[in-house]
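Below: the structure, in structure tokens.
The values are calculated or read from the model by the stated rules, or taken from the named source; none is laboratory data. None of the values given here were measured: they were computed from a predicted structure. For neighbour counting, all protein chains shown are included, and Cβ atoms are generated from backbone atoms with ideal geometry for every residue, glycine included.
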Amino acid sequence: MPSRLKLIALMAIFALPVLAAVSLHLLGWRPAGSRAHGEVLSPARSLAPAVLLDGEGRVLPWRDAEASWHLLVLAPPVCDQRCSESLELLSRVWMALHRDAKRLKLHWLGELDPSLRAAAFPALSVARLSQPERIADLDFSPRGAIGVGNALPLLLVDPDGHLAVIYRPGFDPSGLRKDLARIIR
């Protein structure tokens with residue numbers, strides 16, 4: 001075999017994977033492991049200048065010494081049995097993070113019904129946004145049937161105060177755990 005043909009064959013061997021990757025990218029294919037289970041906002045929406053305020057009106061900084069992420073639980077106008085079931089699932093997801101759980105701050109946005117305080121866990125703090133209109137135009141309607149226990153919408157906010165992912169009612173709690181385990185390390 002002439003050396004020129006060997007060179008062309010060698011170039012083809014190295015070019016084929018690149019062409020395959022470009023083709024798959026253009027077709028929109030993504031490996032299953034790279035898909036988020038929530039709805040990723042691209043680009044992420046900045047919540048600044050809004051700040052988180054605790055129940056007493058003190059500012060909770062977006063960025064702290066551990067560069068914590070924030071999971072905002074949007075309280076519904078009326079809480080039913082699904083609220084406490086959602087809180088129970090959320091506490092399980094948080095505990096499944098083990099040592100990385102300290103890098104996730106959980107905030108209940110709204111009033112926490114006294115009957116739900118028993119279902120709430122220590123990591124969950126009651127908070128509010130200083131400018132709730134920053135998220136008022138977001139659509140939190142479910143995309144399908146709402147299963148028992150995952151009825152609350154969640155917002156994942158990065159350490160710089162950018163809303164990155166929305167989990168609508170009906171999300172898969174194991175998918176949330178997988179997303180958080182991948183993000184919070």
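Some notes on this structure:
- Exactly one residue out of S84, S91 is over 13 Å from L112 (Cα atoms), surrounded by 12 or more Cβ atoms within 10 Å (Cβ to Cβ) and of a type outside the set (A, V, I, L, M, F, W, C), and it is S91.
- Residues of the range 76-122 satisfying the condition of being outside any helix (DSSP H, G or I), at pLDDT below 80 and of a type outside the set (F, W, Y): P77, V78, C79, D80, L112, D113, R117, A118, A119, A120, P122
- Filtered by the rule that a residue be among the aliphatic types (A, V, I, L, M) and either free of Cβ contacts under 8 Å to residues at least 60 places away in the same chain or in contact with a helix residue (DSSP H, G or I) (Cβ under 8 Å, 6 or more places away or on another chain) (or both), the range 17-58 gives V18, L19, A20, A21, V22, L24, L26, L27, A32, A36, L47, A50.
- Residue within the range 41-53 that is in the same structural domain as D179 (by TED's automatic domain parsing), within 21 Å of R185 (Cα to Cα), surrounded by 11 or more Cβ atoms within 10 Å (Cβ to Cβ) and not small (G, A, S) present: yes
- Scan the range 28-57 for residues that are over 27 Å from P142 (Cβ atoms) and either at pLDDT 90 or above or outside any loop (DSSP other than H, G, I, E, B) (or both) and the total you get is 2.
- Residues in the range 155-169 that are surrounded by fewer than 19 Cβ atoms within 10 Å (Cβ to Cβ) and not in a loop (DSSP other than H, G, I, E, B): H162 alone.
- Taken as a whole, the structure places A75 among residues that are under 15 Å from I135 (Cα atoms) and surrounded by 16 or more Cβ atoms within 10 Å (Cβ to Cβ).
- For the range 9-27, a residue qualifies if it is surrounded by fewer than 10 Cβ atoms within 10 Å (Cβ to Cβ) and either of a type in the set (G, A, S) or part of a helix (DSSP H, G or I) (or both), and the qualifying residues are I13, F14, P17, V18, L26.
- Residue in the range 20-32 that is under 21 Å from the mean Cα position of the chain (by Cα) and among the aliphatic types (A, V, I, L, M) present: yes
- Among the residues of the range 170-185, the ones that are in a helix (DSSP H, G or I), among the charged types (D, E, K, R) and surrounded by fewer than 16 Cβ atoms within 10 Å (Cβ to Cβ) come to 1 in all.
- Residue within the range 66-75 that is at pLDDT below 80 and over 14 Å from the mean Cα position of the chain (by Cα) present: yes
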